[in-house]
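Participant: First the structure, which I've put down as structure tokens, then a few questions once you've had a look.
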Amino acid sequence: MATTRLYTHGKLKTQGFAVEDISDHIQLKECTVWADFVSPNAADLAIISEEFGLHPLAVEDAVHSSQRPKLDRYDTHLFLAAYGVTLDTVTGELETHEIKAFITPRALITVHGPDFDISKVVARWDSDKNLAKHGVAYLLWGLLDEIVDGHFETVQQLDTVSDELEDALFDDRPRDKEVQRRSFEFRKSLVLLRRVILPMREVVNTVLRRDLETLDREMAPYFQDVYDHVLRATEWTESLRDLISTILETNLSIQGNRMNLIMKKVTSWAAIIAVPTAITGFFGQNLTFIGFGTVWGAYASLGLIVVASFALYLQFRKRDWL
């Protein structure tokens with residue numbers, strides 16, 4: 001099942017026509033075509049290849065998933081591989097949605113699975129109809145801009161999550177397991193996001209090259225804006241990855257400090273308890289000692305216990321051990 005659009009003189013003329021008619025439309029200089037295929041089979045790809053004269057290696061890359069984000073140049077067209085992303089802020093899991101595109105002088109052909117929401121790209125095109133006169137460059141810009149904006153939005157979500165982790169890290173009620181688990185999940189998401197975002201610099205930079213005759217050079221400022229967003233998202237991702245690593249290390253340090261504090265308290269109370277134990281043990285010997293068998297001897301031993309224990313307590317409080 002394919003979605004098609006035809007632009008003539010920079011205006012949307014028709015849509016929903018047969019794929020076999022694309023070759024007739026692109027013969028006219030004033031026409032620009034967009035064709036979208038969702039999970040195409042071998043027969044669909046054969047039609048695409050025949051209609052546009054695509055390179056076999058580009059078609060093969062369109063079939064196989066898990067391609068690295070890239071922009072390959074062939075004699076008659078360009079081949080784009082990129083990823084949209086969505087983040088589950090509850091679990092911290094990052095989902096990637098692969099999309100491929102063939103870019104010819106008068107047509108843009110997109111190939112993706114059902115998980116990629118192409119309607120957002122179409123909405124981006126419709127919101128900037130005044131740029132449609134730039135043909136394929138306009139279509140490619142809308143696609144890249146929507147993808148990169150999705151990357152940027154995801155980075156912002158991760159930044160918000162990092163703030164929440166910092167608050168949980170220094171919460172009065174220990175939340176060590178929650179902080180450790182969420183930090184680990186978001187760190188994995190950041191690593192995956194970096195793999196998706198980092199190559200996009202090379203992709204957009206290639207589009208900005210002046211020797212690409214496929215694209216209208218008047219769209220260069222718009223692609224430059226996309227490139228700036230890619231750089232910001234990349235730098236933000238790198239800083240967040242360092243921040244999440246710091247949060248993990250800080251959480252371990254806080255746990256160690258909390259354990260040391262507990263050990264100090266336990267040791268202090270053990271020392272206090274040892275004083276009366278020692279004194280009562282001494283006075284409990286079957287030997288005659290000062291005050292043995294007298295009332296004042298009992299009071300003396302009791303007073304000694306209280307004074308020694310209280311003195312130890314004050315010393316431990318002064319040293320912040322209790």
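The values are calculated or read from the model by the stated rules, or taken from the named source; none is laboratory data. These numbers were taken from a predicted model, which means no experiment stands behind them. Please note: Cβ atoms are built from the backbone with ideal geometry, for glycine as well, and neighbour counts cover all protein chains shown. Surface areas here come from the heavy atoms of the whole protein model, side chains and all, with no ligands, DNA or RNA. Shrake-Rupley method; radii C 1.70, N 1.55, O 1.52, S 1.80 Å.
Participant: For the range 97-106, just list the computed ³J(HN,Hα) in residue order, Karplus coefficients 6.51, -1.76 and 1.60, θ = phi - 60°, integers in Hz, with x standing in for Gly and Pro.
Facilitator: For the range 97-106, the Karplus-derived couplings read 10, 7, 9, 10, 8, 9, 10, 10, x, 10 Hz, x marking Gly and Pro.
Participant: Go through the range 199-206 residue by residue and turn each phi into a ³J(HN,Hα) via Karplus (6.51, -1.76, 1.60, θ = phi - 60°); whole Hz please, and just put x for glycine and proline.
Facilitator: Coupling constants for the range 199-206: x, 5, 4, 5, 4, 5, 5, 5 Hz.
Participant: Kindly work out what percent of the DSSP beta bridges joining two residues of the chain are antiparallel, to the nearest 5.
Facilitator: 85
Participant: Still on this structure, please answer the following. Want the number for residue 273 to residue 313: 0.36 nm per residue separation, take away the alpha-carbon distance, what's left?
Facilitator: Here the answer is 13.3 nm.
Participant: Between residue 93 and residue 68, what length in nm is gained on full extension when 0.36 nm per residue of separation is reduced by their alpha carbon distance?
Facilitator: Contour length minus the Cα-Cα distance gives 7.0 nm.
Participant: In whole percent, and with a 1.4 Å probe on the protein chains, what portion of the accessible area of the chain is carbon and sulfur?
Facilitator: With neighbouring chains kept in place, the figure for the chain is 54 percent.
Participant: Read through the labelled values (1) -0.30, -0.70, -0.93, -1.05; (2) -0.46, -0.78, -0.95, -1.04; (3) -0.25, -0.64, -0.92, -1.09 and report the label of the one computed as log10 I(q)/I(0) by the Debye sum over Cα atoms at q = 0.07, 0.11, 0.13, 0.14 Å⁻¹ from the structure.
Facilitator: Here log10 I(q)/I(0) by the Debye sum over Cα atoms at q = 0.07, 0.11, 0.13, 0.14 Å⁻¹ agrees with entry (2).
Participant: From the phi of every residue in the range 268-278, what ³J(HN,Hα) in whole Hz does the Karplus formula 6.51 cos²θ - 1.76 cosθ + 1.60 yield, where θ is phi - 60° and glycine or proline is x?
Facilitator: 5, 5, 5, 5, 5, 5, 5, 5, x, 4, 5
Participant: Net charge near residue 27: determine it from the other residues with C-beta under 13 Å of the C-beta of residue 27, scoring Lys and Arg +1 and Asp and Glu -1.
Facilitator: Here the count lands on -2.
Participant: Using alpha-carbon pairs under 8 Å, 6+ residues apart, how would you state the relative contact order of the range 139-228 in percent?
Facilitator: Relative CO of the range 139-228 lands at 36 percent.
Participant: For the range 65-137, what class follows from the C-alpha gyration tensor (a ≥ b ≥ c being the square roots of its eigenvalues): rounded when a/c is under 1.5, otherwise prolate if a/b is larger than b/c, else oblate?
Facilitator: It comes out oblate by the Cα gyration axes.
Participant: Could I ask something else about it? Determine the sum of side-chain charges near residue 106: Lys and Arg each +1, Asp and Glu each -1, restricted to other residues whose C-beta is under 11 angstrom from that of residue 106.
Facilitator: 0
Participant: Per residue, how much accessible area does the chain have with a 1.4 Å probe, in Å²?
Facilitator: Counting only protein heavy atoms, the per-residue value for the chain is 55 Å².
Participant: Okay, moving on. By its C-alpha gyration tensor, with a ≥ b ≥ c as the square roots of the eigenvalues, how is the range 101-148 shaped: rounded for a/c under 1.5, else prolate for a/b larger than b/c, else oblate?
Facilitator: Because a/c hits 1.5 or more and a/b fails to exceed b/c, the range 101-148 counts as oblate.
Participant: Next question, about the same structure. For n ≥ 4 DSSP H runs only, could you compute -39500 (n - 2.57) per run for the chain, divide by its residues and tell me the 222 nm figure to the nearest 500?
Facilitator: After summing the helix terms and dividing by residue count, I get -20500 deg cm²/dmol.
Participant: Can you compute the FRET efficiency between residue 205 and residue 153 using 1/(1 + (r/R0)^6), with r the Cβ-Cβ distance and R0 = 22 Å? Round to the nearest 0.05.
Facilitator: 0.50
Participant: Just to be sure I understand: with springs between alpha-carbon atoms less than 10 Å apart, which residue in 191, 307, 226 has the highest mean-square fluctuation in the Gaussian network model of the chain?
Facilitator: Maximum among the listed residues: 307.
Participant: Starting at 0 and stepping by 10 Å, how many percent of the alpha carbon pairs of the range 117-201 end up in each bin?
Facilitator: Taking every Cα pair in the range 117-201, the percentages come to 15, 32, 24, 16, 9, 3.
Participant: How high is the FRET efficiency from residue 41 to residue 128, r the C-beta distance, R0 45 Å, rounded to 0.05?
Facilitator: 0.85
Participant: If you average 1/r over all unlike Cα pairs in the range 8-142 and invert the result, what Kirkwood radius do you get in angstrom?
Facilitator: 15.7
Participant: Between beta-carbons, use under 9 Å as the cut-off and find the net charge around residue 81, counting Lys and Arg +1, Asp and Glu -1.
Facilitator: 0
Participant: Select from the range 83-150 those GluC sites (Glu not before Pro) which occupy a DSSP coil region and have at most 14 other Cβ atoms within 10 Å, ordered by residue number.
Facilitator: In loop regions of the range 83-150 (DSSP not H, G, I, E or B), the sparsely surrounded GluC sites (Glu not before Pro) are 93.
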